[in-house]
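See structure below.
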There are 6 protein chains.
Amino acid sequence: MSEAGVVVQNIHRTDRSTVDAFAEFGVATVHEAAGRTGLLAPYLNPIYAGAHVAGTAVTVSVPPCDNWMIHVAVEQCQDGDILVVAPTSASDAGYFGELLATALRARGVRGLVIDAGCRDVRELTQLDFPVWSKCVSAQGTVKETLGSVNLPVVCAGQLIEPGDVIVADDDGVAVVPSRKSAAVLEASRAREEREAAVRKLYAAGELSLDASDMRGRLADKGLSYVDQAPGGRERE
Amino acid sequence: MSEAGVVVQNIHRTDRSTVDAFAEFGVATVHEAAGRTGLLAPYLNPIYAGAHVAGTAVTVSVPPCDNWMIHVAVEQCQDGDILVVAPTSASDAGYFGELLATALRARGVRGLVIDAGCRDVRELTQLDFPVWSKCVSAQGTVKETLGSVNLPVVCAGQLIEPGDVIVADDDGVAVVPSRKSAAVLEASRAREEREAAVRKLYAAGELSLDASDMRGRLADKGLSYVDQAPGGRERE
Amino acid sequence: MSEAGVVVQNIHRTDRSTVDAFAEFGVATVHEAAGRTGLLAPYLNPIYAGAHVAGTAVTVSVPPCDNWMIHVAVEQCQDGDILVVAPTSASDAGYFGELLATALRARGVRGLVIDAGCRDVRELTQLDFPVWSKCVSAQGTVKETLGSVNLPVVCAGQLIEPGDVIVADDDGVAVVPSRKSAAVLEASRAREEREAAVRKLYAAGELSLDASDMRGRLADKGLSYVDQAPGGRERE
Amino acid sequence: MSEAGVVVQNIHRTDRSTVDAFAEFGVATVHEAAGRTGLLAPYLNPIYAGAHVAGTAVTVSVPPCDNWMIHVAVEQCQDGDILVVAPTSASDAGYFGELLATALRARGVRGLVIDAGCRDVRELTQLDFPVWSKCVSAQGTVKETLGSVNLPVVCAGQLIEPGDVIVADDDGVAVVPSRKSAAVLEASRAREEREAAVRKLYAAGELSLDASDMRGRLADKGLSYVDQAPGGRERE
Amino acid sequence: MSEAGVVVQNIHRTDRSTVDAFAEFGVATVHEAAGRTGLLAPYLNPIYAGAHVAGTAVTVSVPPCDNWMIHVAVEQCQDGDILVVAPTSASDAGYFGELLATALRARGVRGLVIDAGCRDVRELTQLDFPVWSKCVSAQGTVKETLGSVNLPVVCAGQLIEPGDVIVADDDGVAVVPSRKSAAVLEASRAREEREAAVRKLYAAGELSLDASDMRGRLADKGLSYVDQAPGGRERE
Amino acid sequence: MSEAGVVVQNIHRTDRSTVDAFAEFGVATVHEAAGRTGLLAPYLNPIYAGAHVAGTAVTVSVPPCDNWMIHVAVEQCQDGDILVVAPTSASDAGYFGELLATALRARGVRGLVIDAGCRDVRELTQLDFPVWSKCVSAQGTVKETLGSVNLPVVCAGQLIEPGDVIVADDDGVAVVPSRKSAAVLEASRAREEREAAVRKLYAAGELSLDASDMRGRLADKGLSYVDQAPGGRERE
């Protein structure tokens, strides 16, 4: 989507306190609070379990199997950012490893989301630098062709603009557009509170059929309850 | 396969002592003991390592991206059950999370097998509620269309009837039809004993070629042993 | 590729001290040191995190869903080997489990690479016998048809000859042809040293743009830096 | 699912006139008329465009990469049948080619549905023997291990029993259980009539919003109509 | 990405003469002329060979397995449009068939691009209504949940805004943003002319190495020419 | 696998009369005649139906998304060759189109086999230049990095050496190593003759069970014939 050969500097980042507040909420909560929007494709997986971060997107569009622009992007990163990398053609090469993680860590970057492969999984785990990637691959890349930094990218099926909020945990990755971030944060809080109440009810054995009053609507739709026939196994 | 809009109650469950006895045996053993039948497709993976459960199937057929019938199914579950969920069209949405797990846990349910996605992986891990799913996805679902509970379903390529035995571990998921369960349990025990003896032989350095007397049959099939040519690398 | 029904004995293995020295280096390093060659397809994954081995290849070509030749291959293995198994047609059955691992362990084999499925993941983890496989599957196999042992095989997209060096870690699996192994080992050491120096620079906040003097070449290619427009979001 | 080593003879086939009447209706119509049930997975594709058949299922469960039971099944086929083949473990080998098609054609068989590969595509096209398969593959198979004929099988995600009605066209494959076949046939006819009326309306420019009176329900759900802003491109 | 429940009317379409002029150029040409941007993922395939269209995008965001909004979108279409449909979660159901095609044809719509399945392939072929889809599937959908019409969507990995130019042929689908369309059209023409000249040279046996003067740059990169060794087959 | 930056000239091609004689035989026949070896992965598909070629391999190893070496390879091609292209890392870009086909056609090249994408499908079809590829994709490639020509490559899972025989038809692609080609040709002829005889028997209604005398061996394995129970549908 992006024009190659451009680096946008001094991007407008979502307000830091808003971004940091998102770290309390899981990706599922944020995605629901955003009206079921903003979820990246579920083929993105964390390279190790338990990481949970929120940060501002610095976006990178890379040519296939070429990681040059990631090197260019490092300089554009600052404390609180999450690097978001999308190749212009599908690839499972390993664009990113522990050296780049070391460089990003030195600038306060909180993690990487990449619609391609990463490598050095053991070292990244030791560094506690979380990565959400399409695969793990040691396949090397070249540094020959320009891409772009901080233009909007489509990454794993979602449009991500520089400065947007990225939330990532064991369930995957969500993007919240900057201008919606305050409202989505608010809705996340409200949802979390409602869920805490529901959790208590369920733990006590209450059914959602009753707690959420579903029985009437189910009956309206025609749900019927029957006992299993004595003979058992019908195919129906 | 199933008729939508039906909930079958009071299903015939496999005898509890038989079901519980399956928990001693791994999925590979049970699948072999059942004559290499009953294994669900290997794309089902546990969301965390180390879980191993046996239980009775409560089956749910759900429309794609609609988890309403899982809520309906909770009421049909009892201590010792495993919930088995199959969408009527392929989907990788997240039909199940920690709230539903909390409700199932309150009823003594031992785990979930779902031919689709689940979410809240971190919370499910903390709850120690095991799930075998096609993927992890935070994608939300709706509550609009009826499916069925406790009609036979095809889940990950296997026919599963309510009350059948489900065994699941790090290797995947197997189903044992209720009426075969006693025989398969017996065969699992026998197999385990044989394997314990074989394990001892192998650990002592004995070859299966000798222990299982394969050399003659291999020779009959025409197996020949040659030394590597001095020059080495031939393609053949 | 291979002729069925042949077992090549007394293969020429890469020099043991060379092989063992590879264990210091990760797969990404070895693959780069080999001129970005020799990497097996990234769909091969370790069954547990943290394993890192180097060894000499004993190659097995198996018919689909038939593991007989793995039993034949055990006898051809010796201390320091890694078993490499490739089916002649794509399959996700479970050709290998803990009994075979016990047999291989008794002979000093360091691990298994298989372009298909393995099973008994929990037991293999307890045995600390590492496996890199395409999937985990409890699906059993038969012992009916001959394959070959120690003929060259294509495994996960790479040609592997018996006696070649195999290196495997969390990032995947690489093969180094025997006759290139000394040179690749040397190059791996050199690369590791260079990377240690770079790591120090990056940790101190130095940019690769400067450390590797990339700015001139980027400018030559036409990279331009612009500030984000006040209004923000352009689609470009 | 099936017991290996059994051939069921003299199966109960759906009434011939009912079966033949299904040939008028496309798979989409039949699937809808059956309450959106019975559709095999969409990864099954016809090997050439334009075929459209209805017939009675003769079911075959084959071991992976072994086509012996297809030879056994030929004898069980009669005029008006469709052969349905499911391997017990996923495989993309080529189990079926023009020689078997010649044998089936001689018995009046109308086509093949196989959850695996077939080969001799050019010859099958010339013979006008339609096949719906997962892939095309020249990979040969063996004749070593028993499977079953005319036991229920799960094929491409659907349970199919011998004698059930199979309908297949460019859109895929559907199964109609024998005992439901008369009702589904009736519903297919009714649906086709309704669609003919709708088609006429649509061709005349009438909108489904009006023809099916959707506007009220859409408004109730909250649908709003707005004009595009003068500046155009909003991300919303 | 989009807000559910909104239909944007009176969108700004790319100038009709520009759009129509794109029909002369193939997708590969347009994609190259646009600086290698705008290509939708190659998993989108035409349902029949030989179609080639250019038109203006009317965009539809649909919930998974729910085609209600396509019905809503018909009213927003006019002569020269191409409907672009993206589900909010991956799905291979059949959202579209010949009845909707009949309705769109009545309004002058030139085709459909859908990141999901379509059905009625035979009828669509007879209607000569071209569709580019992820798969063919007879699986029915529901009409329960709102989506949006004419908000920007991500379809098969590309951002598409209402009114953008869509070009589709046997090679796939490309989007050209409205404001870039004149420039890309111009560049397409220039490219086509250059290619015509090159084609003539190549047909006459001239090598691109000479025609495009590549030999020097190849030599600079270190390309070397050697004769095959007498013994032949080296692994190198 | 290959060393980058090398072009091997004056390769040893399989004898022309042998190569040409293979054009009589389909891929399935050749693959069987070669002892079920040499078949490339079934994900390679012809871009149009009905092509059938045999020729000598000119092999090209290309970096991902870089088609420079295909231009280099044209010069190495001569009448009767088939170009075989393998990227060093998985890619679905479009490395090849009608301009390169025009250049190859001018030299008498018979087709292309590529473990990646091609484009200009309509033009290639008009040129009658057959291509077997992993996908169709208009995605452009660069000309930046060296690969190799006429070193052995692994393409779609098979080792291919320059000068080997390639046979391709609607069923896929097979490679026959040069030194085995005469023997495989002979075996293909013999197989074809046997099949012609069998075809006649089958067409006359003879069963393979009798023609190939399988009944005894089936009985030995334990195959049993039973009649369907009156009640019908058992799950077994």
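The values are calculated or read from the model by the stated rules, or taken from the named source; none is laboratory data. Predicted, not measured: the structure shown is a model, and the values here were computed from it. Positions of Cβ are backbone-derived with ideal geometry, glycine not excepted, and every protein chain shown enters the neighbour counts. Calculation scope for accessible area: heavy atoms of the full protein, side chains included, ligands and nucleic acids excluded. Shrake-Rupley method; radii C 1.70, N 1.55, O 1.52, S 1.80 Å.
Before moving on, here are some points about what is shown:
- Chain D - charge dipole about Cα centre, Lys and Arg +1 at Cβ, Asp and Glu -1, debye rounded to 20: 160
- For segment B:14-81, the Cβ-based charge dipole about the Cα centre amounts to some 220 debye (Lys, Arg positive; Asp, Glu negative; other atoms uncharged).
- For segment A:192-208, heavy-atom accessible area (probe 1.4 Å) falls by no less than 50 Å² from the chain alone to the full protein assembly at A:ARG199, A:TYR202, A:LEU207.
- For segment E:116-185, size of Cβ-based charge dipole, Lys and Arg +1, Asp and Glu -1, in debye: 200
- Listed values for segment D:199-211 are Karplus-derived 3J(HN,Hα) couplings in whole Hz (6.51 cos²θ - 1.76 cosθ + 1.60, θ = phi - 60°), namely 4, 5, 4, 5, 4, 7, x, 6, 8, 5, 4, 8, 4, and x replaces Gly and Pro.
- Averaged over A:50-57, number of beta-carbon atoms from partner chains that fall within 10 Å: 1
- Of all DSSP bridge pairs formed entirely within chain C, close to 45 percent run antiparallel.
- Measuring from each Cβ of chain C to the axis carrying C onto A, the nearest residue and its distance in whole Å come out as C:ALA49, 6.
- For q = 0.16, 0.29, 0.30 Å⁻¹, Debye-computed log10 I/I(0) when each Cα of segment A:126-173 counts as one equal scatterer: -0.72, -1.19, -1.19
- Between F and E, buried accessible area from a 1.4 angstrom probe totals roughly 3800 Å², ignoring ligands, DNA and RNA.
- Lys/Arg +1, Asp/Glu -1 at C-beta; segment B:1-105 dipole; positive extreme among B:ALA21, B:VAL85, B:PHE96: B:ALA21
- Summed over qualifying helices (DSSP H, 4 residues or more, each -39500 (n - 2.57)) and divided by its residue number, chain D shows a 222 nm mean residue ellipticity of -8000 deg cm²/dmol.
- Ratio Rg/Rh [Cα only; Rh per Kirkwood] for segment D:88-138: 0.96
- Antiparallel content of DSSP bridges confined to the protein assembly as shown, in %, to 5: 45
- Under the simplified labelling scheme, the B:ASN10-A:TYR225 pair shows an inter-label distance of 1.2 nm, with each label point 7 Å from Cα along Cα→Cβ.
- Distances from D:ALA190 to itself in the other copies, using label points 7 Å out along the Cα-Cβ axis, amount to 4.4, 5.3, 6.4, 6.4, 8.0 nm in increasing order.
- Contact with the other protein chains removes 50 Å² or more of accessible area, compared with the isolated chain and a 1.4 Å probe, from these residues of segment C:136-184: C:VAL136, C:ALA138, C:GLN139, C:GLU144, C:LEU146, C:VAL154, C:LEU159, C:GLU161, C:ASP170, C:ASP171, C:ARG179.
- Net charge, A:PHE129 excluded, C-beta distance under 10 Å - Lys, Arg +1, Asp, Glu -1: -2
- Note: relative contact order over chain A, using C-alpha pairs below 8 Å and six or more positions apart, is 29 percent.
- For segment B:156-236: Kirkwood Rh in Å [reciprocal of mean 1/r, alpha carbons]: 17.3
- Distance (nanometres) between label positions extended 7 Å along Cα→Cβ at E:ALA190 and A:ARG194: 5.5
- Legend: Rg and Dmax of segment C:178-222, from Cα coordinates, 15.0, 43 Å.
- Radius 15 Å from Cβ of C:SER17, net charge of other residues (Lys, Arg +1; Asp, Glu -1): -2
- Take segment D:70-196 with all the other protein chains still there, run a 1.4 Å probe, and you get 25 Å² of accessible area per residue.
- Near the amide H of E:CYS155, within less than 5 Å, lie the amide hydrogens of E:ILE160, all on another chain or at least 5 residues away, with H placed in the peptide plane.
- Placing unit charges on the Cβ atoms of the charged side chains and taking the dipole of chain A about its Cα centre, the candidate lying farthest along the positive direction among A:GLY108, A:GLN158, A:VAL8 is A:GLN158.
- Accessible surface of segment D:76-189 [probe 1.4 Å, protein heavy atoms]: carbon and sulfur percent: 48
- With distances taken between every two different alpha-carbon atoms, segment C:77-236 has a Kirkwood hydrodynamic radius of 19.9 Å.
- Relative contact order (%) - segment C:105-173, alpha-carbon pairs under 8 angstrom, separation at least six: 27
- Straight-distance crosslink candidates among lysines, where the alpha carbon sits under 22 Å from C:LYS221 and sequence neighbours closer than 8 are dropped: A:LYS143, E:LYS221, F:LYS143
- Relative frequency of Cα-Cα separations exceeding 28 Å in segment B:1-154, percent: 14
- Shielded by partner chains, segment E:64-83 residues - at least 20 Å² of accessible area, 1.4 Å probe, vs chain alone: E:PRO64, E:CYS65, E:TRP68, E:HIS71, E:VAL72, E:GLU75
- D:LEU209 label point (Cα plus 7 Å toward Cβ) to equivalent points in the other copies: 4.0, 5.1, 6.3, 6.3, 7.7 nm, shortest first.
- With the convex hull drawn over the C-alpha atoms of segment B:1-79, the volume per residue is 154 Å³.
- Inter-part distance where segment A:64-126 and segment E:178-224 are each reduced to a Cα centre, Å: 34
- Sorted from nearest, the other copies put their C:SER17 label points 5.7, 6.6, 6.6, 8.1, 9.0 nm away, the label point being 7 Å from Cα in the direction of Cβ.
- Rounded, prolate or oblate (a/c below 1.5 giving rounded, otherwise prolate when a/b exceeds b/c) for the protein assembly as shown by Cα gyration tensor: rounded
- Peptide ranges B:154-160, A:121-127, E:55-61 listed from the most packed, as the mean C-beta count within 10 angstrom indicates: E:55-61, B:154-160, A:121-127
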